[in-house]
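To keep things clear, I will list the structure first and then write my remarks on it.
The values are calculated or read from the model by the stated rules, or taken from the named source; none is laboratory data. Predicted model, so just to flag it, every value in this text is computed and none were measured. Using ideal geometry, Cβ is built from the backbone for each residue, glycine included, and neighbour counts are taken over all protein chains shown.
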Amino acid sequence: MGMSWRLVVATTNPHKLRELRQIAARIAPGRLHFLAPEEVLGTPWEGIEESGRTLEENAYLKATALFERIWQPVVADDSGLEIEALGGKPGVDSAHFVGSDAENRSAVLELLRDVPPERRRARFRTVLCYRDALRTLCVEGIVEGWIALEERGTSGFGYDPLFIPEGHERTFAEMEPEEKNQLSHRFRAVAALWETLRRLEEEAVEPEGASEPEVPVWLPWLIRLSAAAARAETAAELDMLLRQALREGVPVRAIAEVLLQLCLFAGFPAAIEALTAAQAFCERFGVPWELLLPEPLETEAMRARGSELFALVYGERTERVRRRLRGGAPVLEDLVLRVAYGEVLSRSGLDIVPREWAAIAALVVGGWWRQVASHLRALLRLGFPAEQCEEFLGILQPFCTPEQWAQLCKVWQYVRQGEHTAVVQRPQEGSWCNGE
């Protein structure tokens, strides 16, 4: 038996939640569970204004809004009735066409009053948007049918008393829930979602002997360069490291990206000095310099990709850290997610593993031990071997004072043991850094 999926549904509609649960019990009994927002938040979710112009946009907006509150896997549903004779209306406005469910149904019947049965073709469509810390995906379910001449049946909700699915003579509201849930658009969307989740589950199980993240042979030199620049080495010392890094095959773009991200971990003065020195060095020796241009993304897209990377780095501590940021100053959370993680650390010029190691190097030099621990955990979550982590941490010893090196040893022991205590433990006898 595979893993159990617990998804929080971004809805304020109890009828929709009940139907989703009934469908899940049929499609994946015991494995797919839909939770109400209040089961996680402790209080009812107030929902959001559904301002999207498509079902996909509304589902995405709802999923994102709730996900950024709870940082747990979320699914959002947006459904619409699309009637051919009305040009696809009510469509995305189905839930709020003119008013209540009863008023919406009356309005549809009035608009179709002179439309003969053969021209009352329609379809129900559901879009489900799934969000977690690493991905956003959408699936849909569609059922074709017709609009009845009058309301029929008392079961279901919304437009169910009007919709006759193709191949049947009764409306959804005239069917028992079990029968409707085998035919409906929502059933088909949940079935598509479940197939997608099963594929994700299979991808998450690495086959025996699966390869670890590929490590560039030049990464040790990038680590040294980041540490030296963060420590504000002299121009001559930086020149020596740059010469060696280029000789060892470190791409100029990788050097530029690492020196740029120093603004986050060592401050703007260190980043400006290092970038200026590197550019001057390349010009002196005829090495083409990589100009780093802004990546053209909208603010919300930048924040979204920053949020995903932030969640990867901080894992189960994500919401706790975000609360701390908001507590200090709400604008700080936005700057960290949108600018630091969205605009800088998510740039396309360097893979995540070299970025993480360069960040760790700068943070170690600065003595920011909580952040060092978080980025080391991120590397382990990415599948980076613990033994190789120890080897690469050893690269940083020449850049550390004895006190910094001792503290780095403690941090690594803390991360490896996975203990949720303060970073104050002494290295154990026989540990990799003991006696250094």
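Observations on the model:
- Among the numbered conditions (1) in a helix (DSSP H, G or I); (2) modelled with pLDDT of 85 or more; (3) out of contact with any His (no Cβ under 6 Å at 6 or more places or on another chain); (4) within 23 Å of Leu393 (Cα to Cα), the only one that Gly315 does not meet is (2).
- Criterion (of a type in the set (Gly, Ala, Ser), farther than 30 Å from Phe157 by Cβ and either buried (at least 19 other Cβ atoms within 10 Å of the Cβ) or free of Cβ contacts under 8 Å to residues at least 60 places away in the same chain (or both)) met by exactly one of Ala228, Ala189: Ala228
- Test: residue in the range 272-294 that is farther than 22 Å from Val365 by Cβ, charged (D, E, K, R) and crowded, with 19+ Cβ neighbours inside 10 Å: no
- Scanning the range 318-330 finds one or more residues that are at pLDDT below 90, out of contact with any His (no Cβ under 8 Å at 6 or more places or on another chain), assigned to a loop (DSSP other than H, G, I, E, B) and not acidic (Asp, Glu).
- Within the range 95-115, if we keep just the residues that are of a type in the set (Asp, Glu) and exposed (fewer than 15 other Cβ atoms within 10 Å of the Cβ), the residue that is nearest to Ile70 (Cα to Cα) turns out to be Glu103.
- Thr43 being surrounded by fewer than 20 Cβ atoms within 10 Å (Cβ to Cβ) and either under 30 Å from Leu111 (Cβ atoms) or out of contact with any Phe, Trp or Tyr (no Cβ under 9 Å at 6 or more places or on another chain) (or both): yes
- Any hit, the range 33-46, residues being in a helix (DSSP H, G or I) and within 30 Å of Glu151 (Cβ to Cβ): no
- Search result, residues across the range 1-17 that are exposed (fewer than 14 other Cβ atoms within 10 Å of the Cβ) and at pLDDT 90 or above: Pro14
- Taking every residue in the range 369-387 that is more than 20 Å from Ala227 (Cβ to Cβ) and part of a helix (DSSP H, G or I) and pairing it with any residue that is at pLDDT below 90 and of a type in the set (D, E, K, R), at least 6 positions away or on another chain, the pairs with Cβ-Cβ distances below 8 Å are Ala386/Arg416.
- Test result for Phe67, aromatic (Phe, Trp, Tyr), free of Cβ contacts under 8 Å to residues at least 12 places away in the same chain and over 23 Å from Glu169 (Cα atoms): no
- Options Glu118, Glu140: the member that is surrounded by fewer than 21 Cβ atoms within 10 Å (Cβ to Cβ), of a type outside the set (Gly, Ala, Ser) and either in contact with a Gly (Cβ under 6 Å, 6 or more places away or on another chain) or touching a residue at least 12 places away in the same chain (Cβ under 8 Å) (or both): Glu140
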